[in-house]
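The values are calculated or read from the model by the stated rules, or taken from the named source; none is laboratory data. Computed from a predicted structure; not experimentally measured. Glycine also receives a Cβ, built like all others from the backbone with ideal geometry; neighbour counts cover every protein chain displayed.
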Amino acid sequence: MSMISSVVENILPNPIDLAEQVMMDRDWAFDRSTEEELVAEVVGVWCNYRIWLNWNEQVNALVCTCALDTKLPKHQRAKIYPLLAQVNERIWIGHFNLLAQDGTVVFQYSHLLHGDAAYSAEPIDQILDIAVQECERFYPAFQAVVWGGKTAEEAMGVALFDTVGEA
């Protein structure tokens, strides 16, 4: 194998190109700010979410950050850390974080793209589903702690309460 063909084989397509197609298929509003970043607005059940997809070509990683539509005042940020710990113990993929810069609660997930996954929109579709599902699942818990005065344990009870049947 020549050096040139080896280099050409290792070049992966930019997954942000694939992400644009996924966003169009979902009929989501989005903007591509750079070749490596796409920002989308998503309407959820509890709030609107802002999603960033960032591509790091050096490590073949796609990073998804999904921000809840809330910013915590500095005096309330300490209340959220026990809840972050409990929430993060219960999720398998990704994690929630509090951004120190502005007090935004975000879900973050990094995904390595390799093999056939690097050439398919399917992993991007799954990443977006996971991000929105986890935000929808735990949004009530974050609201209960910050605005409802609940403890982390009480808030987790609200978030993990399973309903049976339909009203």
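Does Val39 satisfy the condition of being surrounded by 13 or more Cβ atoms within 10 Å (Cβ to Cβ), modelled with pLDDT of 95 or more, within 17 Å of Cys135 (Cα to Cα) and touching an Asp or Glu at 6+ places or on another chain (Cβ under 7 Å)? Yes; evaluated as a whole, the condition is true for this residue. Restricting the stretch 56-65 to residues that are in contact (Cβ under 8 Å) with a residue 40 or more places away in the chain and not in a strand (DSSP E or B) leaves a set whose member that is surrounded by the most Cβ atoms within 10 Å (Cβ to Cβ) is Asn60.
Being buried (at least 16 other Cβ atoms within 10 Å of the Cβ) and either β-branched (Val, Ile, Thr) or part of a strand (DSSP E or B) (or both) is the requirement here; does Leu68 meet it? So Leu68 passes the test. Within the stretch 19-58, the set of residues being closer than 14 Å to Gln126 by Cα and touching a Pro at 6+ places or on another chain (Cβ under 9 Å) comprises just one member, Leu53. Sub-8 Å Cβ pairs linking a first residue in the stretch 129-150 that is within 10 Å of Phe107 (Cβ to Cβ) to a second residue that is among the hydroxyl-bearing types (Ser, Thr, Tyr) and surrounded by fewer than 20 Cβ atoms within 10 Å (Cβ to Cβ), at least 6 apart or interchain, are Ile130/Tyr109; Ala131/Tyr109, ordered by first then second residue.
In the stretch 71-108, the residue that is farthest from the chain's Cα centre (by Cα) out of those that are of a type outside the set (Val, Ile, Thr) and in a strand (DSSP E or B) is Lys71.
In the stretch 5-18, the residue that is modelled with the lowest pLDDT out of those that are part of a helix (DSSP H, G or I) and exposed (fewer than 11 other Cβ atoms within 10 Å of the Cβ) is Ser6. So which residues in the stretch 108-162 are modelled with pLDDT of 85 or more and among the small types (Gly, Ala, Ser), if there are any at all? Within the stretch 108-162, Ser110, Ala131, Ala141, Ala144, Gly148, Gly149, Ala152, Ala155 qualify. In the stretch 19-34, the qualifying residues are those that are within 17 Å of the chain's Cα centre (by Cα) and either part of a helix (DSSP H, G or I) or at pLDDT below 90 (or both), and the one that is surrounded by the most Cβ atoms within 10 Å (Cβ to Cβ) is Ala19. Select from the stretch 17-68 the residues that are among the charged types (D, E, K, R) and within 27 Å of Val146 (Cβ to Cβ) and list them in ascending order. Scanning the stretch 17-68 gives Glu41, Arg50.
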